[in-house]
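Following: one structure in structure tokens, then a few remarks.
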Amino acid sequence: MKKYIFPLLTLGLLVFGCSKNDDDGGFTGPGSLDPQNFMWQSLNLWYFWQNEVPNLADDRFSSDQEYTDFLGSESDPAAFFENQLRFAGDRFTFYREDYKDLVQGLAGISRSNGLEFSLTYKDLNQNLEPDADEPIYCVVQYIVTGSNADNADLSRGEVFNGVDDQVLNVGNYRSLLFGENATYTLNMADLENGVLTPNGKEVTLTKEEGLVENPVHVVTALDVMGAKIGYLMYNGFTNEFDEELNDAFGFLSGQGVTELVLDLRYNPGGSVRTAQRLSSMIYGTNTNEVLWRSRYNPKLMAIYDPETLDDTFLDETASGTALNTLNLNRVYILTTRSSASASELVINGLDPYMDVVQIGATTRGKIESSITLVDDRDRQGAPYVYTATRENQINPNNRWGMQAIVAVTENSQGFSSPDGLPADIELAEDAENMGILGDVNEPLLARAIQEITGMSGRRDFTVQTPIREITNSKMFTPMKDNMYIDVPINLNVIPE
């Protein structure tokens, strides 16, 4: 089989595959196989586990026909990836039939009514696997500002256990809450001493196309026993809102804040660059200090300049605005199992430099990073990597896009934890006492304030009804549970 070398900027990557045209390197097999060809070619180059998936091996095919037959082994591109290309241990790579849906999701744009909630088993023993008819209930966590739910009679801590007069259970919640139905009616209930009682209240919600969520949800400064405490609930590392995040830290700095409680309990991740900026706003802007580094597949590690794999603290936004930083030596971070990806990156990256006090629950344990792949083979320096300015260069016969895992990350001391980062102070959310976000009496924030102020006679935070979460509305959407990165570009050349 031939090996083709395509000079790309400073990169000379060996791109393997059959059914090539010697003049342009393009796929010449059946056009209906363009999505499968794109998936194989892009993953053969970028996929973190490329060397561990036999079907992605550089020498997998001995002829063009064998390659074409392989692409045609699955008529559905999704099945082709799942059955032929996915590494067994890959929990997070996902795809969309239209890359536009993928890109918009990463930018915080979605079809949503703005209601964020937990999904919780009602009676199930901790050691049992649920049956399809196992009942569940949902607890409102927060509501996106300006959304349809924001105009409804709903608030944090309210409970519902039915949709359109159907009792929610393990078998039906996906179709009822996350299906194609744009409008549905919630059947509300009361939860007291562990007993769930329908209360007759109904709330009708409608999903909106293109809902944009500002992840800076709550920012406030508190004066408690002489301590100036900043509180920030941050719900997604969306780089389109980096200026708003920087403004929030400007506000906290202007208020003389000397302690910070960063609430990441519902934050499933996002942009690594935004995570760098948030870390810098907390600790400082010394761009010579390494926050974390990435490791890629062996093929890429052999050509990357090691210095491109280190992400440092930053001193400005993408627009060139100087970062507002609190220059702290200690931070309190609130977490749940829904805290993932870039949230964990911030916690782990800051840990070597400052005292990070984690309150809540162990995080999800997502140390992998991803990039957006589209059928743009000719992008210089980084073939198949999505760039907004090159949308007219994407293969018009193939709109499939992938958010593929391409790297794992570790902090400056070489540490990462695929099992999640355990809380220093364990405190589960109480379904019967969710509290008001940003209020000094909200249980998790109150616990952080106790640590800050050293209050005597501490409140007993025994949790009556801890939330045993199945997932939540954000985590059900794979694109929310990811950590996406910029690709290093100063690459060396591989000899043929």
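Read the figures in this text as sums done on the coordinates, not as results from a lab. Just so we're clear, the structure is a prediction, and the values are computed from it rather than from any experiment. Positions of Cβ are generated from backbone atoms using ideal geometry, with glycine treated the same way; all protein chains shown enter the neighbour counts.
Observations, loosely collected:
- Cβ-based charge dipole, the stretch 110-211, positive-most Cα from Thr206, Val144, Thr120: Val144
- Contact order normalised by residue count of the stretch 110-211, Cα under 8 Å, 6+ apart, percent: 31 percent
- Simple label model, 7 Å out from Cα along Cβ direction - Asn151 to Val408, nm: 4.8 nm
- Segment Phe415-Ser73, length gained on full extension (0.36 nm per residue, minus Cα span): 119.1 nm
- Cα-projected label distance for Asn288 with Ala302, points at 7 Å along beta-carbon direction, nm: 3.6 nm
- Each of Thr335, Thr387 was scored by other Cβ atoms within 10 Å of its Cβ. Arranged with the fewest first, they read Thr387, Thr335.
- Theoretical FRET efficiency, 1/(1+(r/R0)^6), r = Cβ-Cβ of Gln393 and Phe178, R0 41 Å, to 0.05: 0.75
- Order of Thr145, Thr389 under a 10 Å beta carbon neighbour criterion, fewest first: Thr389, Thr145
- Remark: the stretch 110-211 carries a charge dipole of roughly 220 debye about the Cα centre, counting +1 on each Lys and Arg Cβ and -1 on each Asp and Glu Cβ.
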